[in-house]
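The structure under discussion appears below in the form of structure tokens.
Coordinate-derived values only; no laboratory data. Keep in mind it's a predicted model, so treat the numbers as computed, not measured. We place every Cβ from the backbone using ideal geometry, glycine too, and count neighbours over all the protein chains shown.
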Amino acid sequence: MENISQLLRNHIRDVVDFPKPGILFKDISPILSDPILLQHSIDELIATAGENKIDKVVGIDARGFIFATPVALNLNAGFIPVRKKGKLPWQTHSIAYSLEYGENVVEIHKDAILPGENVLLIDDLLATGGTAAAAIKLIKELDAHLVAASFLIELTDLKGRDLLGDTPVNAVISY
Ligand code: AMP
């Protein structure tokens, strides 16, 4: 019987040259539209918290929100968005970074996480690691304790986890 990771992998659609020439986009829409696969993907991400008590689950704009919110509910934790520049209404910390297909600035509310709180970071995909590294800097700026960073997909050739320092990194599916 195929394992969950393989089952999920079989439902990721490769889209060539999106959103730019040279990018092979990993489209998770077939997972999201299937309730069983969606549940499996969330369960796998919940499991990455292990025995840790998580206070806040941080999700990265935008596909990270899809997974981080149900994971937060299951862990009895709060959900915190890291958003693209200009979207958060309150006082923010912000940081600029480069990603696989462009440049970006991400922000977090200054009062989103209390010092010392246990945080799980979630995004759909780890590519070059620039986005997650920026989110990690924002979390550390708030003096929180980052327990782990968990991704549905990791593109291992891009060595994104090398940018994430000593943060434990989990991926449900690796390419
Ligand atoms: P990076 O900062 O290079 O690790 O890029 C990660 C972010 O960009 C994630 O939020 C992904 O949603 C998105 N991303 C980067 N590369 C891809 C890809 N090949 N397929 C789908 N999403 C991607």
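Cross-linked pairs Lys26/Lys110; Lys85/Lys137; Lys110/Lys137: Cα-Cα separations exceed 24 Å for Lys26/Lys110. Between Asn74 and Leu114, what FRET efficiency follows from the Cβ-Cβ distance if R0 is 22 Å, with the result rounded to 0.05? Once rounded, the FRET efficiency stands at 0.55. The gain in end-to-end length when the Asp157 to Asn10 segment is fully stretched comes to 51.0 nm, 0.36 nm per residue minus the alpha carbon separation.
Net length available on complete extension from Val105 to Asn3 is 33.0 nm, with 0.36 nm assigned per residue and the Cα-Cα distance removed. Convex hull volume of the C-alpha atoms in the stretch 1-132, normalised per residue: 125 Å³. Is it possible to state the helix-based mean residue ellipticity at 222 nm for the chain, with each DSSP H run of 4+ residues giving -39500 (n - 2.57), the sum divided by total residues, to the nearest 500 deg cm²/dmol? What is it? The helix-only estimate for the chain comes to -7500 deg cm²/dmol at 222 nm. Of the residues Val147, Val105, Val119, which exhibits the maximal mean-square fluctuation in a Gaussian network model of the chain defined by a 10 Å Cα contact cut-off? Ranking Val147, Val105, Val119 by mean-square fluctuation puts Val105 first. For the stretch 42-96 versus the stretch 128-175, the spacing of their alpha-carbon centroids is 13 Å.
Can you tell me what the convex hull of the Cα atoms of the stretch 83-175 projects to on average, as an area in nm²?
5.7 nm²
Of the residues Gly130, Gly102, Gly160, the one that moves most in a GNM of the chain with alpha-carbon contacts below 10 Å is Gly102.
Using 0.36 nm per residue and subtracting the Cα-Cα separation, the extra length available between Asp34 and Lys20 on full extension is 2.3 nm.
Taken over the stretch 60-124, the alpha-carbon convex hull comes to 97 cubic angstrom per residue.
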